[in-house]
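All remarks here apply to the structure that follows.
Taken together, the values in this text are just the output of simple stated rules run on the coordinates, not laboratory data. The model shown is predicted, which means the values in this text are computed figures rather than measured ones. Glycine also receives a Cβ, built like all others from the backbone with ideal geometry; neighbour counts cover every protein chain displayed.
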Amino acid sequence: MALKASQLKVGDSHTMRVVEDLKRTQLVMYAGASGDYNPLHSDEMYTRDVAGYPTVFAHGMLTMGMTGRMLTDYVGDGRLTKYGVRFTNQVWPGDTLDATAVVEAIRSEGGKHYVDLTVTTRNQDGLDVVKGSATALIDP
């Protein structure tokens, strides 16, 4: 069911757990699906010994995709018209992530109705790992 402008107000929010206890297997699966085989996401020794990180970490685009799933669950399939994020911290195996969308504006343009959202995904420690914005087409 699509969101309706008449049912929204600025400040409304929607939160969804997008992953609980992220597994290394999910990182490898994403590498295969995306074609991004950067060793930072799959090679423990390279990541630790060459790059200086404590362990492998998630692809930024995997985190963005999981956050995007929260958005499409909230606004409805095919409704996003704009979506962009910044990756603010690494996502590690074992992390649990909650994504939140907050209504910043409800507007009409060219006879269509839109909602502008801020988007934040946080890990189990409350640390932001993704920050961004989205716009979606909504019903009147």
### Query
Taking only C-alpha pairs under 8 Å that are 6+ residues apart, what is the relative contact order of the chain in percent?
32 percent
### Query
Cα-based Rg of the chain per 2.2 N^0.38 Å, rounded to two decimals?
1.17
### Query
In deg cm²/dmol and to the nearest 500, what is the mean residue ellipticity at 222 nm of the chain if only DSSP H runs of at least 4 residues count, each as -39500 (n - 2.57), divided by the residue total?
-6000 deg cm²/dmol
### Summary
Per the 1/(1 + (r/R0)^6) rule, R0 = 30 Å and r from the Cβ atoms of Thr55 and Lys4, FRET efficiency to 0.05 is 0.10
### Query
Which far-off residues, 5 or more places away or on another chain, put their amide H under 5 Å from the one on Val56, with H placed in the peptide plane?
none
### Query
Near Tyr83, within a Cβ-to-Cβ distance under 12 Å, what is the net charge of the other residues, with Lys and Arg +1 and Asp and Glu -1?
+2
### Task
Excluding Val50 itself, calculate the net charge of residues whose Cβ lies under 13 Å from the Cβ of Val50, where each Lys or Arg counts +1 and each Asp or Glu counts -1.
-2
### Summary
Here the residues of the stretch 1-17 lying in the modelled label zone of Thr72, meaning backbone nitrogen under 20 Å from a point 7 Å along Cα-to-Cβ, are 1-4, 14-17
### Message
Run the numbers for Thr81 and Thr15: contour at 0.36 nm per residue of separation, minus the present Cα-Cα distance, in nm.
### Response
21.8 nm
### Summary
Filtered hits (aspartates and glutamates, Cα-Cα < 13 Å from Lys112, offset >= 8 within chain) -> Asp139
### Message
To test your reading of the geometry: what angle, between 0 and 90 degrees and rounded to tens, separates the Cα axis of helix 60-75 from the longest principal axis of the chain?
### Response
30 degrees
## Note on the structure
Rounded to the nearest 10, the angle in degrees between the Cα long axis of helix 24-34 and the longest principal axis of the Cα atoms of the chain comes to 70 degrees
